[in-house]
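Computed from the coordinates by the stated procedures, all read-outs in this text should not be read as laboratory data. None of the values given here were measured: they were computed from a predicted structure. Every residue, glycine as well, gets a Cβ built from its backbone with ideal geometry; the counts of neighbours run over all protein chains shown.
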Amino acid sequence: MKLGAVGLAASIVKPAFASEDTISEPSFSDYTGEPKMISTWSHGQEANRAGWKKLESGGTSLDAVEAGARQTESDVTNRSVGIGGMPDREGHVTLDACIMDWESNCGSVGCLEGIAHPISVAKHIMQNTPHVMLVGAGAKKYALKHSFETIKTPLPEVKKEWEKWKKEQAAADKVKKPEINHENHDTIGLLAIDAQGQISGACTTSGWAYKLPGRLGDSPIIGSGLFIDQEVGGAVATGLGESIIRISGSHAVVELMRQGKSPEQACKEIVERLIRKHKDMTGLQCAFIAINTKGEVGGYSVYNGFNYALKTKDRDELIDTPFDRKW
Ligand code: SD4
């Protein structure tokens, strides 16, 4: 049976519960908080401002996180997202992104080269196909078919850096392990709650600089880089994707909030779980931010130095998260 996008969305939103009358449907209309947006790292402030324009003009949280992600994807100074992103070890900039809304609709692209706004391709896949994830040549074909803007990457200055790195690699006996957060720390993850209490999230990155060709991190993987459940809230991750995938990080944060943990406490416990699963934490930075249906937010990181941007009607600030250890 071919499952159409509408049928698929409906089957996700309204699962057949064994005992319908014991399940209370989440109600968004009684949200009494204000619209709010949080995004990883300091460039999250610019992203939040772009997203806020949507929220303040009555747009949904989905519009807001897409607009925010697009802002960072266009930032030529950002070395881990979009047009300014770092290449893989063969010199190709391959982009990963995913997006998810309050109805558990989600879309994702992986290893997408030469397209300006992977986040919008992910959203288009979510809204127009029965699939969640398209990667590589198939994702590119899809983006071109739907006339998404193309870009030429890497940027000349990024190419120069890569050529220098390649020379150094050839001279070194051993391939140096890149460190997330020192060399590659600008992935953006965004979460928003709108006036109706609807929560959405997005995540977009060029991934681990000088990765093996074809490598996907956590960022395009629903449940790892991003997860939203309107019954509970949402979470998004940044840092070494391999370690986040290992614990299905963002999903795990949401599940702890379901058990009553605050966003910060849930992020903290999942960072601690991640640490328990890794013998060597040298250079391994990871962080989560989260939001719940009351609009409460929080975050936590392995090492110090992580922050996230918060935007509301009256606030536009950067918040340093608590952390497990110092560099
Ligand atoms: C990845 N999680 O591809 C991304 C990288 C990242 O801050 O978040 N850097 O593994």
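Region 256-327: percent of C-alpha pairs farther apart than 16 Å?
Values: 1270 of 2556 pairs.
Every Cα pair in region 256-327 considered, those over 16 Å come to 50 percent.
For D63, what is the net charge nearby, where nearby means another residue's Cβ is under 12 Å from its Cβ and Lys, Arg count +1, Asp, Glu -1?
Details: positive: K53, K54, R70, K123; negative: E56, E66, D101, D194.
For residues surrounding D63, the net value is 0.
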**Selection from G136, W165, S200 lying farthest towards where the dipole of the chain points positive, charges on Cβ** = W165
**Message:** Using a Debye calculation, one point per C-alpha and no hydration shell, please list log10 I(q)/I(0) for the chain at q = 0.09, 0.14 Å⁻¹ in order.
**Reply:** -0.43, -1.04
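Quick one: if you take sqrt(5λ) for each eigenvalue of the C-alpha gyration tensor of region 181-327, what semi-axes come out, biggest first, whole angstrom?
23, 16, 15
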**Message:** Whole angstrom only: what separates the Cα centroid of region 80-159 from the Cα centroid of region 217-288?
**Reply:** 23 Å
**Message:** Contact order normalised by length for the chain, with contacts defined as Cα pairs under 8 Å and 6 or more residues apart; what percent is it?
**Reply:** 21 percent
**Message:** Give the lysines whose C-alpha is closer than 18 Å to that of K211, dropping any in the same chain fewer than 8 places away, or say none.
**Reply:** K159, K160, K164, K166, K167, K174, K176, K177
**trypsin sites (Lys or Arg not before Pro) lying in DSSP loop within region 91-159, provided at most 15 other Cβ fall within 10 Å** = K152
**Asked** With charges set only on the Cβ (+1 for Lys and Arg, -1 for Asp and Glu), what does the dipole of the chain come to about its Cα centre, in debye to the nearest 20?
**Response** 1100 debye
**Complete:** Quick calc, region 202-296, dipole around Cα centre from Cβ unit charges on Lys, Arg (+) and Asp, Glu (-), nearest 20 debye, gives 260 debye
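Show me the ranking of peptides 245-258, 96-109 by mean Cβ neighbours inside 10 Å, starting with the highest.
Working: 245-258: 22.3, 96-109: 26.8.
Ranked by mean Cβ neighbours within 10 Å, highest first: 96-109, 245-258.
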**Message:** Sorting check: for 233-239, 273-279, 114-120, 292-298, which peptide has the highest mean count of neighbouring beta carbons within 10 Å, and how do the rest follow?
**Reply:** 233-239, 114-120, 292-298, 273-279
**Item:** Lys/Arg +1, Asp/Glu -1 at C-beta; region 38-182 dipole; positive extreme among I99, G114, S80
**Value:** G114
**Request:** Determine ³J(HN,Hα), in whole Hz, for all residues of region 39-56 in sequence, where each value follows from phi through the Karplus function 6.51 cos²θ - 1.76 cosθ + 1.60 and θ = phi - 60°; x replaces Gly and Pro.
**Result:** 9, 5, 6, 5, 5, x, 5, 5, 4, 4, 5, 5, x, 4, 4, 6, 4, 6
**Request:** Using a cut-off of 15 Å between beta-carbons, work out the net charge of the residues near V109 (Lys and Arg +1, Asp and Glu -1, V109 not included).
**Result:** 0
